[in-house]
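The values are calculated or read from the model by the stated rules, or taken from the named source; none is laboratory data. This is a predicted model, so every value here is computed, not measured. Glycine also receives a Cβ, built like all others from the backbone with ideal geometry; neighbour counts cover every protein chain displayed. To get the accessible areas, we keep the full protein, side chains included, count just its heavy atoms, and leave off ligands, DNA and RNA. Shrake-Rupley method; radii C 1.70, N 1.55, O 1.52, S 1.80 Å.
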Amino acid sequence: MLYREAGQFKSTYAADSAILPIRQDRIGLALILLVAFVVIPLTATPYLFSAILIPCLILALAALGLNLLTGYAGQLSLGTAAFMAVGAFMSYNFILRIPGIPLLLAFAGGGVMAAAVGIVFGLPSLRIRGFYLAVATLAAQFFILWCLTKVGWFTNYNPSGVITAQPMVILGYAFDTPPEKYLLVLSIVTLMALAAKNMVRGNIGRQWMAIRDMDVAAEVIGIRPMRAKLLAFAVSSFYCGVAGALFAYAYLGTVEPEAYNLDLSFRILFMIIIGGVGTVLGAFLGSAFIVVLPIALSTGVAFLDSTLHLNVPSSVGSNLELMVFGGLIIFFLIVEPHGLARIWQITKEKLRLWPFPY
Amino acid sequence: MTAVRAIGDPVLRLDGVSLAFGGVKALNDISLDVREHEIRAIIGPNGAGKSSLLNVINGVYHPQQGTITFRGKPRHNMDTHETAALGIARTFQNIALFRGMSVLDNIMTGRNLKMKASVLEQAIWFGRARREELANRAKVEEVIDFLEIQHIRKTPVGRLPYGLQKRVELARALAAEPSLLLLDEPMAGMNVEEKQDMCRFVLDVNEQFGTTVVLIEHDMGVVMDISDRVVVLDYGRKIGDGTPDEVRSSKAVIDAYLGVPH
């Protein structure tokens, strides 16, 4: 009833190739942005900001970066967290060594450095693909973290290896309370998600998908596989790099190699698999799922424990969470292998006809 | 539309081209030319080297011997994306569409060489990137109209029936505005009606855009009807070359197709 696009005719190609060609989608997104930018900062608790909203957005940005590479360009990568680490440590060094550098420029610089590293570790993709490429990118994960731990320059010769991140100051205004950090992260993530959406609906996005779907045919119509693949690695690593910098500055408050271990790479990979490979929306849904579900489960277990007086030992409780979490992931993959974004798409198809059966 | 069809000078010339995979000689000393605006058919039994010949022309394989001259310039071990930039487009024997993309996106991809905007411009969707996208969309719509596939514009190609997929692949090749179009069995596996449609499209492309066409086809009726000249391959060798009538009456060709009495 509500979601019906009948009568919305497009008279220009610009309108037809818009990001959201259907009016209801535009209204929906406007409402979401209104809630995210106005309602949440006014109402949410500091816990909600620091434990859920900020990490959710930052990891969504990293997942978006990985989705550009894996979902759109078809190059499997397990080095996501390492590229994030490059972004974080290079941003730290830019702020440390270039006095007065604007914060956003330092973040962007971290992203560019991550992009450069991404290109280097993307070079094997010119010869190998699939699982073998994933193993090659695993080398990035271990090598980069080793480098950041062993080469003192990156950590400014800090003996503990855990550095306190500098305060985030833009034009003299310090972003130090949770709502302020949240708004900064939200603004960056929104803009970069918009840019990603523009890329994937444009020429470069089509080149990536062409390489993913049929590389011989792509080359025959003039796409240079080397350029397209390395560009995918560069753009993807840039996104991961900026996400890594935000992860250190807006979420952890510290810059440390251990935060960017293989576990984080896998979590981000799970996000795009659960959220939906090859969609921008999927990165956000997957991130929300992976970040929120463990918290919801532990709250649930604690709630059951206190109301039913089960006296569940804490070790059993935490293992129970892991088991339910794993079970849910498998359940989702069996029921909908194309992820949450696909479920949303099917829901929209159904909504177009609702309340009629067909 | 005025007919621009007047067969001109050779645009593509192969001299003594040989291609071997280990001990297998896929192409053995092939020489032929393709003239401007003509429809040139390549025929031959299975395994004769027809597809290998197309692959050599557009740079998928590099011949060990021989020279390829395109528009007066000899080329040496050119990659496929370079031949694409020269204006050579092709379709494949087995459909090679981008299955995860819509028909429109597939055809738009065919115009990637016409789009020059940088990644940054595309990311902000402003200025040149936006203008190029819309201008190329208009061109793609012309191709869509020409091949009569308006109704499936937004459909993912994986959901289309075989005959339409073949047509979309032709559309993707045409979107690049090629001067030389290589078609690898464009009518294979089609029913009579689809074949007639495809023949009409090939003839229209040749007549209205003046595109030179090289096609491989097994349906002799089609080949004899639409092609200007035919080259016949067998076991990697050229055994016949000439107009359809000449080829039809050639003893070597008849022997290759029907066998030789012992």
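So here's what we get for this one:
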item: Peptide A:221-229, shielding by other chains (average Cβ, 10 Å cutoff); result: 6
item: Ranked by how many other beta carbons lie within 10 Å on average, peptides A:65-75, B:209-219, B:67-77, B:247-257 from highest; result: A:65-75, B:209-219, B:247-257, B:67-77
item: Mean accessible surface per residue for chain A, computed with a 1.4 Å probe while every protein chain stays in place, in Å²; result: 48
item: Rounded to 5, the percent of DSSP beta bridges in chain B classed as antiparallel; result: 55
item: Summed buried accessible surface, chains A and B, 1.4 Å probe, nearest 100 Å²; result: 2800
item: Counting DSSP beta bridges with both ends in the protein assembly as shown, the antiparallel % (nearest 5); result: 60
item: Between helix B:192-204 and chain B: long-axis angle, C-alpha atoms, 0 to 90°, nearest 10; result: 80
item: Debye-sum result for the protein assembly as shown in log10 I(q)/I(0), which assumes one identical scatterer on each alpha carbon, at q = 0.05, 0.06, 0.07 Å⁻¹; result: -0.30, -0.42, -0.55
item: Dipole moment magnitude, nearest 20 debye, segment A:47-353 about Cα centre, only Lys, Arg, Asp, Glu C-beta charged; result: 960
item: Accessible carbon and sulfur surface of the protein assembly as shown relative to its total accessible area, %, 1.4 Å; result: 64
item: Cβ neighbours within 10 Å from other chains - mean over B:103-111; result: 4
item: Segment A:78-153 and segment B:50-114: distance between their alpha carbon centers, rounded to Å; result: 36
item: Shape call, chain B: gyration tensor on alpha carbons, a/c limit 1.5; result: prolate
item: Dipole magnitude of segment B:99-176, debye to nearest 20 (Cβ charges: Lys/Arg +1, Asp/Glu -1, about Cα centre); result: 140
item: Accessible area, probe 1.4 Å, largest first, for residues A:19, B:39; result: A:19, B:39
item: Buried on assembly, segment B:125-171 (at least 40 Å² less accessible surface than by itself, 1.4 Å probe); result: B:125, B:133, B:134, B:137
item: Cα shape, chain A, gyration tensor, a/c 1.5 rule; result: rounded
item: Furthest towards positive pole of dipole, B:174, B:122, B:108, structure part segment B:99-176, Cβ charges; result: B:122
item: Summed residue charge, Cβ within 15 Å of residue B:138's Cβ, Lys/Arg positive, Asp/Glu negative; result: +1
item: Helical contribution to [θ] at 222 nm, DSSP H n ≥ 4, -39,500 (n - 2.57), averaged over the protein assembly as shown, rounded to 500; result: -16500 deg cm²/dmol
item: Cα gyration tensor, segment A:90-169 - rounded (a/c under 1.5), prolate or oblate; result: oblate
item: Within-13-Å neighbourhood charge of residue A:200 [Cβ basis; K, R +1; D, E -1]; result: +2
item: Mean separation of Cα contacts under 8 Å, 6 or more apart, over the residue count of chain B: relative contact order %; result: 28
item: Percent of alpha-carbon pairs separated by more than 17 Å within segment A:295-358; result: 59
item: Estimated dipole of the protein assembly as shown in Debye, rounded to 20 [Cβ of Lys and Arg +1, of Asp and Glu -1, Cα centre]; result: 820
